[in-house]
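What follows is a set of notes on a single structure, which appears directly below.
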Amino acid sequence: MTNLDRSPSNAPRNIKLRETVLSVADDQPTFWNKVEAGLWEPETLALIDQQITPGTTFLDLGAWVGPTALYAAARGARVIALEADPVALAQLQRNLAVNPALAQRIEVLARAVHAAEGRVTIGARRKPGDSMSSVLIAPGAATWEVETITPLALAARIGPGRLFVKLDIEGGEYELLPSMRPLVDRPDCRVLVSFHPGILATVVPDAAQREAATARALEVFEGFAAHALAPDQWLFVRD
């Protein structure tokens, strides 16, 4: 049996995410222990508390097993969650199944957000489901193909209203961000981006090329105020 065929092994467990109690049924007990100890991305969770209100659409690009998708739904958001790793996707769906009230607010798309329509190859640096899958593929990584969806198609799917985008795609952000204008040009949009310069360096060893890729990625945020939340994690808000 491969990792891609792995069946569920964990019974549902209640965890406390800040002041919110959720059930989880995935294969990530160590991660959720870290969450309950308050050691996982406290800045991200505080920002969701601050920014997400009923009526907000929370676009979770790189949802993994659903910590931010579930938390945003618990705050009243409509959530669109994208996950391109089939092992993580199965665990996300199990977590939604044990949170039926929140699941009603969450639409899951088994797609990779990408500048072009079609299919793209994704690779896992350690193993599928580990939260590190990326279009920037390390040598020897397990790989698979997945259908894409473009920012333009996502913008049409979302419709009007307040939008919060969380982008955490393990290095894919450098190629994707120049195509994000259909989303970020909306009048009431905030974008939380996790940059991964270390992953970029593994496939682009030349420092000048990495600097150019970063500059191209940031051009989409011209006219935005940038706020650092944590190392390599930035919130962009239109001035």
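Quick check on the chain: helices-only [θ] at 222 nm, where DSSP H runs of length 4 and up contribute -39,500 (n - 2.57) each and the sum goes over total residues. Nearest 500, please. Mind showing how you got there, number by number?
Values: 10 runs with 77 residues, N = 239.
Here the helix-only value at 222 nm equals -8500 deg cm²/dmol.
For the chain, evaluate the Debye formula with one uniform point scatterer on each Cα (no solvent term) and list log10 I(q)/I(0) at q = 0.09, 0.10, 0.17 Å⁻¹, rounded to two decimals.
-0.36, -0.44, -1.40
What is the Cα convex hull volume of region 6-137 when expressed per residue in Å³? Walk me through the numbers on the way to the answer.
Details: hull volume 15.6 nm³, N = 132.
It comes to 119 Å³ per residue, whole-number rounded.
For region 66-146, what is the accessible area per residue in Å² when the probe is 1.4 Å?
On the way: 3220 Å² over 81 residues.
Per-residue accessible area for region 66-146 comes out at 40 Å².
Please give the per residue accessible area of region 153-193, computed with a probe of 1.4 Å over protein heavy atoms only, in Å². Write down the numbers at each step before the final one.
Working: 1380 Å² over 41 residues.
Accessible area per residue: 34 Å².
To make sure I understand the rule: partners must be aspartates and glutamates, Cα under 19 Å from the Cα of Lys16, and not fewer than 8 residues away in the same chain. Which ones qualify?
Asp26, Asp27, Glu36, Glu41, Glu43, Asp49
Under a no-solvent Debye model with one identical scatterer per Cα of region 125-165, what's log10 I(q)/I(0) at q = 0.25, 0.29, 0.33, 0.35 Å⁻¹?
Log10 I(q)/I(0), no solvent term: -0.86, -1.00, -1.18, -1.27.
Taking all protein chains as present, what is the carbon and sulfur share of the accessible area of region 155-209, in % to the nearest whole number, probe 1.4 Å?
Details: 1250 of 2180 Å².
Of all accessible area on region 155-209, carbon and sulfur atoms account for 57 percent.
For region 159-239, with equal point scatterers placed on the C-alpha atoms only and solvent neglected, what are the log10 I(q)/I(0) values from the Debye formula at q = 0.22, 0.23, 0.27 1/Å, to two decimals?
For the requested q values the scattering log ratios are -1.05, -1.13, -1.44.
On average, how much accessible surface per residue is there in region 13-56, in Å², for a 1.4 Å probe, leaving out ligands, DNA and RNA?
For region 13-56, the per-residue accessible area is 50 Å².
For a quick check of your reading of the filter: which GluC sites (Glu not before Pro) in region 115-212 sit in a DSSP loop and have no more than 15 other Cβ atoms within 10 Å?
Values: sites: Glu117, Glu145, Glu147, Glu170, Glu173, Glu175, Glu211; in loops: Glu117, Glu170.
Passing sites in region 115-212 are Glu117.
Strictly greater than 19 Å: what percent of every Cα pair in region 63-176 meets that? Kindly include the intermediate steps, with their values, before the conclusion.
Working: 2914 of 6441 pairs.
Everything past 19 Å amounts to 45 percent.
Over the Cα atoms of region 17-73, Rg to Rh with Kirkwood Rh, two decimal places? Each step should come with its number before you reach the end.
Details: Rg = 11.3 Å, Rh = 12.1 Å.
Rounded to two decimals, Rg/Rh equals 0.94.
Below 8 Å between Cα atoms, with a sequence gap of 6+, how large is the relative contact order for region 114-159 in percent?
Normalised by residue count, the contact order of region 114-159 is 45 percent.
List the relative contact order of the chain as a percent without decimals, with contacts defined as Cα pairs under 8 Å and 6+ residues apart. Walk me through the numbers on the way to the answer.
Numbers: 468 pairs, mean separation 36.2, N = 239.
Contact order relative to length: 15 percent.
Note down the magnitude of the dipole of the chain about its Cα centre, charges +1 on Lys and Arg C-beta and -1 on Asp and Glu C-beta and zero elsewhere, to the nearest 20 debye. Mind dumping the intermediate values first?
Working: 23 positive and 28 negative charges, 116 e Å.
Value, rounded to 20: 560 debye.
The values are calculated or read from the model by the stated rules, or taken from the named source; none is laboratory data. Everything numeric in this text was worked out from a predicted model, so none of it was measured. With ideal geometry, Cβ positions are generated from the backbone for all residues, glycine too; neighbour counts draw on all protein chains shown. Just the protein is used for accessible areas: all its heavy atoms, side chains included, with ligands, DNA and RNA removed. Shrake-Rupley method; radii C 1.70, N 1.55, O 1.52, S 1.80 Å.
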